[in-house]
1. What are the principal axis extents of the Cα atoms in segment 165-308, in Å, biggest first?
2. What percent do you get for the relative contact order of the chain when only Cα pairs under 8 Å and 6+ apart count?
3. With labels modelled as points extended 7 Å from the Cα through the Cβ direction, what inter-label distance (nm, one decimal) is found for ILE177 paired with GLU194?
4. Going from the alpha-carbon gyration tensor of segment 66-183, what semi-axes, largest first and in whole Å, does one get by taking the root of 5 times each eigenvalue?
5. How much length is gained if the chain between ALA13 and LYS224 is pulled fully straight, taking 0.36 nm per residue apart and subtracting their Cα-Cα distance, in nm to one decimal?
6. I'd like to know which of THR192, CYS107, GLY68 lies farthest towards the positive end of the charge dipole of the chain, counting +1 on Cβ of Lys and Arg and -1 on Cβ of Asp and Glu.
7. Please find the FRET efficiency linking ALA308 to ALA277, where r is the Cβ-Cβ separation and R0 is fixed at 51 Å, and quote it to the nearest 0.05.
8. Within the set of other residues whose C-beta is less than 12 Å from the C-beta of ILE171, count the net charge using Lys and Arg as +1 and Asp and Glu as -1.
Amino acid sequence: MPLNIKKVLVCDAVDKSCVELLEQHGINVTYKLKLPVEELCQEVKSFDAAIVRSDTKITAEVLAAGSGSLKVVGRAGAGVDNIDVPAATAHNVVVLNTPGGNSISACELTCILIGSLARPVVPAGQSMKEGRWDRKLYAGTELYGKTLAVLGLGRIGREVAIRMKTWGMRIIGYDPITTEAEAKAAGIEKMTLEEIWPLADYITVHTPLIPATRNLISTETLAKCKQGVKVVNVARGGIVDEQAVLDGLESGKVAGAAFDVYPEEPPKSAVTKALIAHPKVVATPHLGASTSEAQVRVAVEVAEQFIALNGTSPKYTT
Ligand code: NAD
Ligand code: MLT
């Protein structure tokens, strides 16, 4: 049955192509960005649907406030971590997202971070800005011939594998669902985690954050890794135990780490701050999807799904 979405509240900054497409299909759009929760609870009573990215949390409280009016919450992004899905289901609210729209961007950031752990371009660039010429201090290592472990062989994991393989890395990986044949097609040797730990020079995680993946990289698993392993997390904060990496950096077990995501964003905990400040860490503020191309893609995908829920096919005017 068509949902008859007429009024949409946009809660976080999404590309204008989303608004244009919705309005071309007779859907009225209101922008109210980053509302405090009390105001959001008030506002949702007047809308059929809401669109969020990461900043706005659609909690049980917000969904209860919107009960009777809110029919859909759309996320212009991959996960639905900031939406209380069970509460949405309880209130008959459809939750939709745009998996895939930002995969290439998240993959490319991952590859750049892997590269920046091999060649210290970030501190070297900073030293130049400070007027220094320190060639010895910033020597690096080649990626060629090194082993990259990809944990989570979905959309992003496989794209990372394909790219890093062309740099001459050996790609090994683990995923409980992806088949050996699917992994092989992306140039990945599928293995068990226990086989992976002692082989990896670099580990990059591309799983959702679920109980099975929380602290996938921990003191216990790092102990099974090579001395000097490097770790990258462009997936979700919490998949890598930050304290374990910090301890590993101090002991030399971990030679470098790169993070785009954190258990709390923006980071507030002393552990996350110590990690970000560590000289062997490259940190970015959740930029995986922050490219113009990905933002247009996810914006259009979310609008297309709203239009489809109204029982119509999107039409494009140039
Ligand atoms: P996906 O669903 O395509 O792939 C995830 C893979 O993880 C699946 O193949 C699944 O089988 C696998 N998996 C599940 N449990 C596992 C386990 N215990 N061990 C190993 N693998 C397991 O997801 P995706 O689109 O590739 O996204 C991967 C991650 O990146 C997600 O956490 C997503 O939220 C995140 N992401 C981050 C950014 C960013 O801006 N940093 C952008 C997009 C996506
Ligand atoms: C996602 O879930 O799509 C990414 O983490 C990026 C984002 O939050 O925009």
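1. Between the extreme Cα coordinates on each principal axis of segment 165-308 lie 54, 42, 32 Å.
2. Values: 605 pairs, mean separation 57.9, N = 318.
Dividing the mean separation by the residue count of the chain yields 18 percent.
3. Reported label-point gap for ILE177 and GLU194 is 2.5 nm.
4. Numbers: eigenvalues 311, 98, 18 Å².
They are 39, 22, 9 Å, listed largest first.
5. Details: separation 211, 0.36 × 211 = 75.96 nm, distance 4.25 nm.
Extra length available between ALA13 and LYS224 comes to 71.7 nm.
6. CYS107
7. Values: r = 46 Å, r/R0 = 0.91.
So the FRET efficiency works out to roughly 0.65.
8. Numbers: positive: LYS146, ARG158, ARG163, LYS165, ARG170, LYS184, LYS190; negative: GLU159, GLU189, ASP201.
Surrounding charge for ILE171 is +4.
The values are calculated or read from the model by the stated rules, or taken from the named source; none is laboratory data. Just so you know, these numbers come straight off a predicted model, no measurement behind them. Glycine gets a Cβ as well: all are built from the backbone with ideal geometry, and neighbour counts include every protein chain shown. Only protein heavy atoms, including side chains, enter the accessible area calculation; ligands, DNA and RNA are left aside. Shrake-Rupley method; radii C 1.70, N 1.55, O 1.52, S 1.80 Å.
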